[in-house]
1. With the alpha-carbon atoms as the only input, what is the per residue convex hull volume for segment 67-193 in Å³?
2. For a quick check of your reading of the filter: which GluC sites (Glu not before Pro) in segment 129-223 sit in a DSSP loop and have no more than 14 other Cβ atoms within 10 Å?
3. Under 10 Å from the Cβ of Ile84, count the other residues' Cβ atoms, weight Lys and Arg +1, Asp and Glu -1, and hand me the total.
4. Spin-label point model (7 Å from Cα, Cβ direction): what's the Arg116 to Lys90 distance in nm?
5. Given bins 10 angstrom wide, list per bin the percent of all Cα-Cα distances in the chain, short to long.
6. Working with all protein chains in place, sort Thr223, Thr49, Thr43 by solvent-accessible area computed with a 1.4 Å probe, largest first.
7. What value, in deg cm²/dmol to 500, does the helix sum -39500 (n - 2.57) over DSSP H runs of n ≥ 4 give at 222 nm once divided by the residues of the chain?
8. At most 14 other Cβ atoms within 10 Å and a DSSP loop assignment: could you name the trypsin sites (Lys or Arg not before Pro) in segment 139-186 that fit?
Amino acid sequence: PPARGVVQLQDVEFTYPGADDPVLSDINLTARPGGMTAIVGSTGAGKTTLLSLIPRLFDVTGGRVLLDGLDIREYDPAQLWERIGLIPQKAFLFTGTVASNLRYGNPDATDEELWRALEIAQAKDFVAEMPEGLNAPVAQGGSNVSGGQRQRLAIARALVKQAPVYLFDDSFSALDVATDARLRRALRPISAHATVIVVAQRVSTIVDADQIIVLENGRVVGTGTHDELLAGCATYVEIVQS
Ligand code: GTP
Ligand code: MG
């Protein structure tokens with residue numbers, strides 16, 4: 001069957017290897033194509049850990065994660081990775097060129113596809129301004145681009161994969177408000193058909209979400225829309241007011 005991108009976490013529990021206590025417990029959520037799920041919670045709540053379980057950077061220690069109805073442990077790891085565009089909280093670049101960084105995950109992408117991804121990721125202008133364009137060198141650790149540029153190139157790299165599932169770990173809060181707004185607008189056609197899960201801090205990102213999951217100490221303490229949570233979830237109210 002074709003990949004659709006329905007992500008389900010069922011009774012998920014996770015304990016880091018060697019640790020005593022779980023950092024996630026009783027996590028249940030479903031994220032569907034055509035919608036955006038936002039995950040919010042204070043630092044250390046378990047947001048990054050939750051995302052990391054979906055492409056199997058770690059395996060759950062209880063419960064299960066399903067992609068399109070199938071336990072992710074049933075997928076070939078490469079096949080699973082192909083279906084998930086993960087934009088990590090700390091974006092990283094490989095030594096090479098802009099193009100080689102963007103093609104990581106989709107070696108067959110055309111230049112046109114790279115430019116399209118750069119455009120959506122709000123990275124087209126600064127790449128176009130580099131004398132070598134797509135072939136501009138990226139130094140070790142991406143040290144010749146700014147943090148915000150690195151973040152946007154990492155977003156473009158994920159978009160080049162054309163995956164049915166995108167996971168953005170706090171990818172927007174480091175950007176200035178105007179770039180953030182343009183980027184989220186540009187992503188709308190993608191979230192119209194893909195499953196998008198974002199860890200977010202800015203209220204402007206969160207209010208747009210179809211579904212918001214509030215995490216506290218590794219547990220879900222609220223699920224709903226912005227208005228529903230404002231009315232019924234004290235942790236959420238605290239987060240958006242801080
Ligand atoms: P922020 O990104 O700061 O907003 O936090 P977060 O919500 O993403 O939390 P994260 O998932 O990174 O961490 C959840 C808990 O797991 C915290 O108590 C961390 O200290 C712990 N943790 C994170 N990574 C590791 C790890 O690699 N090993 C161990 N043992 N614990 C970890
Ligand atoms: Mg995190």
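The values are calculated or read from the model by the stated rules, or taken from the named source; none is laboratory data. All figures in this text were calculated on a predicted structure; none of them were measured in a lab. When we count neighbours, we look across all protein chains shown, and the Cβ atoms used for this are built from the backbone with ideal geometry, even at glycine. Calculation scope for accessible area: heavy atoms of the full protein, side chains included, ligands and nucleic acids excluded. Shrake-Rupley method; radii C 1.70, N 1.55, O 1.52, S 1.80 Å.
1. Per-residue hull volume (Cα only) is 110 Å³.
2. Answer by residue number: Glu132.
3. +2
4. Rounded to a tenth, the inter-label distance reads 3.4 nm.
5. In order of increasing distance, the bins hold 8, 32, 35, 21, 5, 0 percent.
6. Largest accessible area first, the list is Thr43, Thr223, Thr49.
7. Mean residue ellipticity at 222 nm (helix-derived): -9500 deg cm²/dmol.
8. When the trypsin sites (Lys or Arg not before Pro) of segment 139-186 are filtered for loop state and at most 14 Cβ neighbours within 10 Å, nothing remains.
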